[in-house]
Amino acid sequence: MKKGLMLVISGPAGSGKGTVNAHLFKTGDFVYSVSATTRAPRPAEVDGVNYHFISKEDFLSRIEHGDMLEYTEYCGNFYGTPLKEAEEVLASGKNLILEIEVEGAENVKKKYPDAVLVLLLPPSYAVQEQRLRGRGTETEEKITERLARAKEEIAHASSYDYVVYNYDGKDAEAAEQILAIVSAEKCSLARNTSVAEDYLKV
Ligand code: 5GP
C-alpha cells in the first residue's frame with residue numbers, strides 16, 4: 001500500500017479555505033485532519049468534525065505526551081494536529097489535508113520533507129478585508145487581529161511549494177488547481193523511486 005500524500009493548505013482568514021477544501025473532499029481521496037484547539041466553537045461548528053474543542057490543560061498535556069504532530073498559538077488560542085490520527089490516515093493510502101497556519105506548515109515541512117505545502121490566497125489584501133467583515137462571525141477586535149496576522153504570514157510565502165489564488169466565485173477552479181498539484185506530485189520521480197524495478201518485474 002502506497003502512503004498517502006500529506007497536503008498542507010494554509011490561507012489567511014477570508015481566503016476561502018473551507019469552501020475550496022469542500023471540493024477536494026467531494027472527490028473521496030482526501031481526509032481532513034481534525035485539529036485540536038482551545039478556541040471556543042463558532043455557531044455551526046461541531047466537536048470532532050471541525051475541531052476537537054479541548055481545554056488548555058488538556059492541550060498542554062497532549063504536547064507533553066508527544067501526541068501533537070505540530071502545534072501553534074494563534075491569536076490567543078492553541079491549535080494542533082493530532083499525530084496518531086494523521087499517521088493512520090497516511091498509512092491507509094489516503095491523502096491527508098492539514099488546514100493549518102504558516103508556523104505549523106513550516107514545522108510540518110521540517111518533520112516531513114515530502115509534505116506538499118500550498119498557500120491559498122484571496123486575490124488581494126483588500127478583498128480579504130471585505131470578505132472577513134462580510135462573514136460577520138468575529139468581533140471587530142478579532143478581525144483586526146486576524147488581518148494583522150495575515151500581513152505577518154504573507155512574509156513567509158516562500159516557505160510554500162505552491163500558491164493558488166481563490167478569486168470571487170472561483171473556488172471550484174482553485175480546487176482544480178490543487179488537484180492538479182496533487183496529480184503532478186504523485187507522478188514525480190522523487191515519489192516513484194522504484195520505477196525501473198517495478199517496470200521490469202514479471
Ligand atoms: P480558525 O480559528 O479560523 O478556525 O483558525 C485559525 C488559524 O489556525 C487558521 O489559519 C487555521 O488554518 C489554523 N489552524 C487550525 N488548526 C491548526 C493546527 O492544528 N495547527 C496549526 N499550526 N494551525 C492550525
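Where strands (runs of 3 or more DSSP E) sit wholly within segment 1-42, those with at least 1 residues that are small (G, A, S) and either in contact with a His (Cβ under 6 Å, 6 or more places away or on another chain) or within 16 Å of the ligand (Cβ to nearest atom) (or both) occupy 6-10, 35-37.
Within segment 52-99, restricting attention to residues that are hydroxyl-bearing (S, T, Y) and outside any strand (DSSP E or B), which residue is modelled with the lowest pLDDT? Break it down stepwise before answering.
Start the filter on segment 52-99 by keeping residues that are hydroxyl-bearing (S, T, Y), which leaves 55, 61, 71-72, 74, 79, 81, 92.
Then keep just the ones that are outside any strand (DSSP E or B); that gives 55, 61, 92.
Values: S55: 98, S61: 98, S92: 93.
Among residues in segment 52-99 that are hydroxyl-bearing (S, T, Y) and outside any strand (DSSP E or B), the one modelled with the lowest pLDDT is S92.
Listed residues A196, A180, A175, A150; which is among the hydrophobic types (A, V, I, L, M, F, W, C) and surrounded by fewer than 10 Cβ atoms within 10 Å (Cβ to Cβ)?
Numbers: A180 fails: surrounded by fewer than 10 Cβ atoms within 10 Å (Cβ to Cβ); A175 fails: surrounded by fewer than 10 Cβ atoms within 10 Å (Cβ to Cβ); A150 fails: surrounded by fewer than 10 Cβ atoms within 10 Å (Cβ to Cβ).
Only one candidate qualifies: A196.
Test Y74 against the criterion of being near the ligand (Cβ under 10 Å from one of its atoms), hydroxyl-bearing (S, T, Y) and in contact with a Ser or Thr (Cβ under 7 Å, 6 or more places away or on another chain), and give yes or no. Please lay out each step first, then the result.
On the way: near the ligand (Cβ under 10 Å from one of its atoms): yes; hydroxyl-bearing (S, T, Y): yes; in contact with a Ser or Thr (Cβ under 7 Å, 6 or more places away or on another chain): no.
Against the criterion (near the ligand (Cβ under 10 Å from one of its atoms), hydroxyl-bearing (S, T, Y) and in contact with a Ser or Thr (Cβ under 7 Å, 6 or more places away or on another chain)), Y74 does not qualify.
So in segment 127-165, with the set limited to residues that are among the polar types (S, T, N, Q) and at pLDDT 95 or above, which one is farthest from the ligand (Cβ to nearest atom)? Step through it out loud before you land on a result.
Taking segment 127-165 first, the residues among the polar types (S, T, N, Q) are 128, 130, 137, 139, 144, 158-159.
After this cut, where a residue has to be at pLDDT 95 or above as well, the list is 158-159.
Details: S158: 18, S159: 13 Å.
Among them, the one singled out is S158.
Only one entry in A184, A190 is at pLDDT below 95 and in a helix (DSSP H, G or I), namely A190. Would you confirm whether or not segment 15-27 contains a residue that is over 15 Å from the mean Cα position of the chain (by Cα) and at negative phi? The answer is yes; a qualifying residue exists. In summary, T144 fulfils each of the numbered conditions (1) over 19 Å from I100 (Cβ atoms); (2) touching a residue at least 24 places away in the same chain (Cβ under 8 Å); (3) part of a helix (DSSP H, G or I); (4) open to solvent by 70 Å² or more (accessible area, probe 1.4 Å) with the single exception of condition (2).
So which residues in segment 77-126 are of a type in the set (A, V, I, L, M), open to solvent by 10 Å² or more (accessible area, probe 1.4 Å), away from the ligand (no atom under 13 Å from the Cβ) and under 23 Å from E173 (Cα atoms)? A126, the sole residue that qualifies.
The values are calculated or read from the model by the stated rules, or taken from the named source; none is laboratory data. Computed from a predicted model, the values in this text were never measured in an experiment. Virtual Cβ from ideal backbone geometry, glycine too; neighbours counted across all protein chains shown. All accessible areas refer to the heavy atoms of the entire protein, side chains included, with ligands and DNA or RNA removed. Shrake-Rupley method; radii C 1.70, N 1.55, O 1.52, S 1.80 Å.
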